[in-house]
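Let me give you the structure first, and then I'll get to my questions.
Throughout, read-outs are computed from the coordinates displayed, never taken from laboratory work. As the structure is a prediction and not an experimental result, all values here were calculated from the model. Here the Cβ is made from the backbone with ideal geometry for all residues, glycine too, and neighbour counts use every protein chain on show.
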Amino acid sequence: MIGRHRRDTWAGALFWAISLLPLWITLAVLAALAVRAWPILDAQPLWQLLSGQTWKPIQGLFGFYPFIAGTVWVTVVAMVLAVPPCMLTAIYLAEYASPAMRLIAKPFIDLLAAIPSVVYGVWGMVAIVPWVEHTLSPALGGWLGQSIPLFAVNNPTGFSVLAGSIVLAVMVAPFIIAVTYEVMHTVPNGLRQASLAVGATRWQTVKYAVLPRAMPGVIAGVVLGSSRALGETMAVLMVVGNVARAPTSIFDPAYPLPALIANNYGEMLSIPLYDAALLAAALILLLIVLVFNIISTLVLRNFIGRSQA
Amino acid sequence: MPKIFNLIRITLLLALLLVTSACGGQTASQEDGALQGTITVSGAWALYPMMTRWAEEFEALHPGVQFDVSAGGAGKGMADALAGAADIGMVSRDVTPEEENKGAYWVAVTKDAVFPMVSTENPALAELQSQGLTRAVFEGIYITGEIKTWGQAVGKPEITAEIHVYTRSDAAGAPETWAKYLGKKQEDLLGIGVFGDPGLLEAVIKDPMGIGYNNLGYAYDNASGKPVTGGIPIPVDTNENGQADPEEVLEAKAEAVEMVATGKYPSPPARALNLVTQGKPKGVVQAFIEWVLSDGQQFVGEAGYVTLTSEQLQASMQKVR
């Protein structure tokens, strides 16, 4: 008996240590980045780094603002494009689709998640960039572009925020669909039956009975998709144009933080403070993702708390 | 419990195997005179096609040697070589004093050049081919941005088509060399940043109003010796007489190679391509670089590169030995 008890305690301690590992790893990465980025944080005021518009490392100008703006633009536009169709797909699969349809559709959606990001990048370059240049930007840029700055066309090529966002939207779609679908599946059937029994239509049932119950899960799916979008590197870097200027329109080129790090990883050894600046970029990216996740966890808590009250 | 010990034993064994195989490249055994080991090479797109050819030939000569060659730009080659992630870094630009201070040991192995490229659908193609463009015009396009249309570039205001400027997004030798030709650094080049030599070429071929620049091996198709399908190098008007002279029009790869070799094509954008190691190369890596500088040179012309002068090769050889 003593042996069994001790084994149990040991196992408990072991699992505890292992499950705390992610926390330690996050802290270790943060610490390592902060240490390596310290030279530049020490040499230039933080606010100047974050709000600086010019990126000319050889002249000692390290303005991160265009990259932070690029990251936010690409991610936000991607989520705007991805979330509505993903929601509808998940609702269809969970509530309307026949088992046979589900059997066919699910593997294909999961397959989208398995395609390597560089393949998405190549596809973006040969298909999406020309499509944005020849179809979307003349169509949306015309009268819409002249009246709304968001659609203004100042970039004659298709390498743009929009191209990056379209590629990203397709990349994060399987995650959002999968999580939303699974969560809707966990909503008890009795709820649907009760709603249908009082004469509600299928859509009313989804809208008033299923979705409110599934909402926290839906938010979690969107958060997961956004976190992935924030950090996606290769696919975005290949289509986004990589111009270090903050975009003002979806047709402007952008330069997200991950692309900055990937593009210049090699050059950092030859210019003073450059490696510190790139590691600071990594630190900023990590902090953006962390803050975003913390805020969404809080929102989620609040939501669950309210729905249970 | 015994099961767990077994697991640990297997893990340790695997780890040991991994460690020994990872060290294979450096601790090459040469007891029986045969070279053995794995050489990892990473870096410049400009050198990549040449390096795969050298690797193939060297593997055929020394079956015990294996290569792992990857392209990712000169910057990555330098970083990987200095960090020990690769045995040899391919660097298609000058090595800076800062990098030398960090232990970068380099030898020039062959020569290459960067060529300004447009699409064959370019609206001012006839003028470009008959006049060429001067350095000042390239500066107006790539540095100051004052030249905005193809008409302005060739002096024909009736052509109003906008110039779509493309550059490389990744830190690399070609943009650094192109910028050096224009008296600047890569960070000063205007344009949409596209990743990699093939990416930039693809963007220019697809865009009739685009301008880009490519290394010799990408500007020309190696099999036919002609410019790559859909793209064409713009003659560089070196003597600035307003027309493209016979030696400035490079319609075939052989002509381009000759102009670079004889120095008639300006340098930069022509430049030597370097192999970089962390400290002086040893063992199998040293043997390979020595071979590249001697017998390996016979493949340089075939692969479409420019051979260094014999003095330059000798100087490189002395650095390796």
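For residue A:143 paired with residue B:146, estimate the spin-label separation in nm (one decimal), with each label point 7 Å from Cα along the Cα-to-Cβ line.
4.1
Taking 7 Å along the Cα-to-C-beta vector as the label spot, tell me the residue A:28-residue A:111 distance in nanometres, rounded to one decimal.
It is 3.8 nm.
With each label point set 7 Å from Cα along the Cα-Cβ vector, what nm distance links residue A:4 and residue A:201?
Placing both labels 7 Å along Cα→Cβ, they lie 6.0 nm apart.
Under the definition of Cα pairs under 8 Å and six or more residues apart, what whole-number percent is the relative contact order of chain B?
It comes to 24 percent, rounded to a whole number.
Can you list residues whose amide H is under 5 Å from residue A:242's amide H, if they're 5+ apart or on another chain and H is modeled 1.01 Å from N?
A:254, B:193
In vacuum, with every alpha carbon of the stretch A:24-304 counted as one equal point scatterer, what does the Debye formula give for log10 I(q)/I(0) at q = 0.13 Å⁻¹? Two decimals, please.
Debye curve over Cα of the stretch A:24-304, log10 I(q)/I(0) at q = 0.13 Å⁻¹: -0.96.
Determine the shielding of peptide A:159-168 by partner chains: average, over its residues, the number of Cβ atoms on other chains within 10 angstrom of each Cβ.
1
If you don't mind, there's one more thing I want to ask. Assuming R0 = 60 Å, what is the FRET efficiency of residue B:102 and residue A:88, from their Cβ-Cβ distance, to the nearest 0.05?
0.65
In the structure shown, do any of B:206/B:226; B:185/B:264; B:102/B:184; B:206/B:253; B:282/B:319 have a Cα-Cα gap over 20 Å, and if so which?
Check vs 20 Å cut-off fails for B:185/B:264; B:102/B:184; B:206/B:253.
About the Cα centre of the protein assembly as shown, what is the dipole size in debye to 20, counting +1 per Lys and Arg Cβ and -1 per Asp and Glu Cβ, all else neutral?
The dipole magnitude comes to about 3340 debye.
Might you report the magnitude of the Cβ-based charge dipole of the stretch A:24-304 about its Cα centre, with Lys and Arg at +1 and Asp and Glu at -1, to the nearest 20 debye?
It works out to roughly 720 debye.
Can I ask one more? Averaged over all directions, how much area does the convex hull of the C-alpha atoms of chain B cover when projected, in nm²?
Its average projected convex-hull area is 20.0 nm².
Bin by bin, in steps of 5 Å, what percent of the Cα pairs in the stretch B:99-187 do you find, going until the bin that has the longest distance?
Per 5 Å bin, starting at zero, the Cα-Cα P(r) for the stretch B:99-187 comes out as 3, 11, 20, 22, 17, 11, 6, 4, 4, 2, 0 percent.
Over all residues in B:182-194, what is the mean tally of Cβ atoms on other chains that come within 10 Å of each residue's Cβ?
Whole-number average of other-chain Cβ neighbours for B:182-194 is 5.
Say the dipole of chain B comes from +1 at the beta carbon of Lys and Arg and -1 at that of Asp and Glu; which of B:147, B:283, B:204 then lies farthest toward its positive end?
B:283
Suppose every K and R has +1 on its Cβ and every D and E has -1 on its Cβ; what is the size of the dipole of the stretch B:185-321 about the Cα centre, in Debye to the nearest 20?
740
Can you put A:300, A:20, A:257 in order of Cβ neighbours within 10 angstrom, beginning with the fewest?
A:20, A:300, A:257
Related question: At a temperature of 4 °C and a viscosity of 1.567 mPa s, determine how fast the protein assembly as shown diffuses translationally according to Stokes-Einstein, using the Kirkwood radius over alpha-carbon pairs as Rh; express D in µm²/s, rounded to the nearest whole number.
The diffusion coefficient I find is 47 µm²/s.
Give me B:180, B:264 ranked fewest to most by other Cβ atoms within 10 Å of their Cβ, as a rough exposure proxy.
B:264, B:180
Further, regarding this structure: What list do you get for B:130, B:310 if you sort them by fewest beta carbons within 10 Å?
Placing the least packed residue first, the sequence is B:310, B:130.
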